[in-house]
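Inspection log for the structure reproduced underneath, given as structure tokens.
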Amino acid sequence: EPEVTQTPSHQVTQMGQEVILRCVPISNHLYFYWYRQILGQKVEFLVSFYNNEISEKSEIFDDQFSVERPDGSNFTLKIRSTKLEDSAMYFCASSEGPGFGNTEAFFGQGTRLTVV
Amino acid sequence: AQRVTQPEKLLSVFKGAPVELKCNYSYSGSPELFWYVQYSRQRLQLLLRHISRESIKGFTADLNKGETSFHLKKPFAQEEDSAMYYCALNTYRTDKLIFGTGTRLQVFP
């Protein structure tokens, strides 16, 4: 069964450093998402991406964050100048279509980011 | 603001007992509601969605617009149901899911 794959599974970085979290969505999917979950808190939407551009983003997704699909298969989340409060589990997801009424979002296993 | 509330962090039952995981939402429009499940060391996966009106692994959930609720129920819990359960809301013309804080279901033998 096709899966969304995320690398690395765990990333430790120093405060102020840049990190890139990588995701390989399911191959025929067109919509891509990043969510995060700070320990003990809810899963929060960060951004959705379609047709090589951001379709929606949350207030969390500020100038520190960026996404791109550099090569048609990978979908990356870049966090510039990481802060301690960026420590979280980051989930990538993909879906065939928009919204979720008639389509399903498939989630990756997550990347745990620890900022020290 | 749109919001999903799952009031219980932990629900513990014995095998064979009925289970109800509560979910309430706040949204003035017509919602799309989902239950996602995360088994230990596995990824988030869709369990069921309200528009499908289906039963998955014995679980059902009915949207009650009057009470703004979408509680997840199962008449007889199994040990393999032990997992984290998240209720999620999708609103009109958006691509995002709004999640609740999740309820951990523990089913004891």
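How do the pairs read when you match residues in region A:1-13 that are within 14 Å of chain B (Cβ to nearest Cβ) and aliphatic (A, V, I, L, M) with residues anywhere that are part of a loop (DSSP other than H, G, I, E, B) and surrounded by 11 or more Cβ atoms within 10 Å (Cβ to Cβ), using Cβ under 7 Å and keeping only pairs 6 or more apart or on different chains? Close Cβ pairs (under 7 Å, with a partner that is part of a loop (DSSP other than H, G, I, E, B) and surrounded by 11 or more Cβ atoms within 10 Å (Cβ to Cβ)) amount to A:Val4/A:Pro25; A:Val4/A:Ile26; A:Val4/A:Gly108. For B:Val37, the test of being touching a helix residue (DSSP H, G or I) at 6+ places or on another chain (Cβ under 6 Å) and farther than 22 Å from A:Glu56 by Cα is failed.
Can you tell me which residue in region A:4-17 is surrounded by the most Cβ atoms within 10 Å (Cβ to Cβ), limited to those that are within 15 Å of the chain's Cα centre (by Cα) and not in a strand (DSSP E or B)?
Going residue by residue through region A:4-17, those that are within 15 Å of the chain's Cα centre (by Cα) are A:4-11.
Subset that is not in a strand (DSSP E or B): A:4, A:8-9.
Details: A:Val4: 23, A:Pro8: 12, A:Ser9: 10.
Result: A:Val4.
On the stretch given as region B:1-48, residues that are farther than 25 Å from B:Glu79 by Cα and either assigned to a loop (DSSP other than H, G, I, E, B) or touching an Asp or Glu at 6+ places or on another chain (Cβ under 9 Å) (or both) total 8.
Would you call B:Phe76 touching a residue at least 60 places away in the same chain (Cβ under 8 Å) and in a loop (DSSP other than H, G, I, E, B)? Show your work before the answer.
Numbers: touching a residue at least 60 places away in the same chain (Cβ under 8 Å): yes; in a loop (DSSP other than H, G, I, E, B): yes.
The answer is yes for B:Phe76.
When B:Ile51 is tested against (1) in a loop (DSSP other than H, G, I, E, B); (2) within 17 Å of A:Ala105 (Cα to Cα), only condition (1) is not met.
I'd like the full set of residues that are of a type in the set (S, T, N, Q), under 22 Å from A:Thr7 (Cα atoms) and part of a loop (DSSP other than H, G, I, E, B), limited to region A:46-74.
Answer for region A:46-74, where residues must be of a type in the set (S, T, N, Q), under 22 Å from A:Thr7 (Cα atoms) and part of a loop (DSSP other than H, G, I, E, B): A:Asn52, A:Gln64, A:Ser73, A:Asn74.
Residues of region A:86-99 include at least one that is more than 12 Å from chain B (Cβ to nearest Cβ), within 20 Å of B:Tyr36 (Cβ to Cβ) and either at pLDDT 95 or above or part of a helix (DSSP H, G or I) (or both).
Just the residues that are of a type in the set (D, E, K, R) and assigned to a loop (DSSP other than H, G, I, E, B), please, taken from region B:54-73.
Step one: list which residues in region B:54-73 are of a type in the set (D, E, K, R), which gives B:54, B:57, B:62, B:65, B:67, B:73.
Passing the criteria: B:Glu54, B:Lys57, B:Asp62, B:Lys65, B:Glu67.
Go through region B:26-68 and give me each residue that's within 19 Å of A:Gln37 (Cβ to Cβ) and either in contact (Cβ under 8 Å) with a residue 24 or more places away in the chain or more than 14 Å from chain A (Cβ to nearest Cβ) (or both). Across region B:26-68, the qualifying residues are B:Phe34, B:Trp35, B:Tyr36, B:Val37, B:Gln38, B:Tyr39, B:Ser40, B:Leu44, B:Leu47.
Quick one: which of B:Lys65, B:Lys9, B:Lys74, B:Lys96 is of a type in the set (Lys, Arg), farther than 29 Å from A:Tyr50 by Cβ and buried (at least 17 other Cβ atoms within 10 Å of the Cβ)?
Values: B:Lys65 fails: buried (at least 17 other Cβ atoms within 10 Å of the Cβ); B:Lys9 fails: buried (at least 17 other Cβ atoms within 10 Å of the Cβ); B:Lys96 fails: farther than 29 Å from A:Tyr50 by Cβ.
The unique qualifying residue is B:Lys74.
Residue check: is A:Gly72 more than 16 Å from A:Gln109 (Cα to Cα), without any contact (Cβ under 8 Å) to a residue 40 or more places away in the chain and loosely packed, with under 13 Cβ neighbours inside 10 Å? Considered against the rule, which asks whether it is more than 16 Å from A:Gln109 (Cα to Cα), without any contact (Cβ under 8 Å) to a residue 40 or more places away in the chain and loosely packed, with under 13 Cβ neighbours inside 10 Å, A:Gly72 comes out as yes. Of note, B:Gln2 satisfies the criterion of being over 14 Å from the mean Cα position of the chain (by Cα) and in contact (Cβ under 8 Å) with a residue 40 or more places away in the chain.
The values are calculated or read from the model by the stated rules, or taken from the named source; none is laboratory data. Please read these numbers as outputs of a predicted model, since none were measured by experiment. Ideal geometry is used to build each Cβ from the backbone, glycine not excepted, and the neighbour counts take in all protein chains shown.
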